[in-house]
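K.L.:
A single structure is presented below for examination.
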Amino acid sequence: MTVFARRARASAGRMHPELSLVSYTLLGHLEESGGCRATDLAAHYALDKSTVSRQVAALERAGLVERRLAPGDHRVQVLDLTDSGRRVLARVTESRRAAFRERLADWPEEDLMRFAACLRRYNAWPGTVDG
């Protein structure tokens, strides 16, 4: 697991050196959710609000995220991807998929199915953020 996490961080750094793996994760969540408040990101990933604030500030400086007023409540600011943020996220996603395809290309179907089942089981654990 340590090697897996180390490789994920290194891969994120190669894609966009000034952003962390956490930043990429936040970009993905913003895309999936269609935008949300910073406090929602903190709650979803069980992160401290100050951690999310620093990550969001880096994403804003990079031009990947912008703030807008919530449609139903103009007192609330919602974070959303910019066009540049969508392009970076798409590029990183495709690059990661290509890396996975390359790494798993020689695996027999039975091993792939077993690996997928183990990942589903691991991710379904109640303590997992997205599980």
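K.L.:
If you take the residues of the range 81-100 that are surrounded by fewer than 12 Cβ atoms within 10 Å (Cβ to Cβ), within 16 Å of the chain's Cα centre (by Cα) and of a type outside the set (Asp, Glu), which of them is modelled with the highest pLDDT? Talk me through it step by step, then tell me what you get.
P.N.:
Filtering the range 81-100 for residues surrounded by fewer than 12 Cβ atoms within 10 Å (Cβ to Cβ) gives 83, 90, 94, 97-98, 100.
Retained after the next criterion (residues that are within 16 Å of the chain's Cα centre (by Cα)): 90, 94, 97.
After this cut, where a residue has to be of a type outside the set (Asp, Glu) as well, the list is 90, 97.
On the way: ALA90: 89, ARG97: 86.
For the range 81-100, the residue satisfying everything is ALA90.
K.L.:
Name the residue, out of SER95, SER50, that is closer than 20 Å to ARG6 by Cα and among the small types (Gly, Ala, Ser).
P.N.:
Working: SER50 fails: closer than 20 Å to ARG6 by Cα.
Just a single option satisfies the conditions, and that option is SER95.
K.L.:
In this structure, is LEU26 within 21 Å of ASP83 (Cα to Cα) and either outside any loop (DSSP other than H, G, I, E, B) or of a type outside the set (Phe, Trp, Tyr) (or both)?
P.N.:
Numbers: within 21 Å of ASP83 (Cα to Cα): yes; either outside any loop (DSSP other than H, G, I, E, B) or of a type outside the set (Phe, Trp, Tyr) (or both): yes.
Yes.
K.L.:
Looking only at residues in the range 44-80 that are farther than 16 Å from SER20 by Cα and open to solvent by less than 60 Å² (accessible area, probe 1.4 Å), which one is farthest from the chain's Cα centre (by Cα)?
P.N.:
So the residue we want is ASP73.
The values are calculated or read from the model by the stated rules, or taken from the named source; none is laboratory data. All figures in this text were calculated on a predicted structure; none of them were measured in a lab. Heads up, the Cβs are rebuilt from the backbone with ideal geometry, glycines too, and the neighbour counts pull from every protein chain shown. We work out accessible area using only protein heavy atoms, side chains counted, and drop any ligands, DNA or RNA first. Shrake-Rupley method; radii C 1.70, N 1.55, O 1.52, S 1.80 Å.
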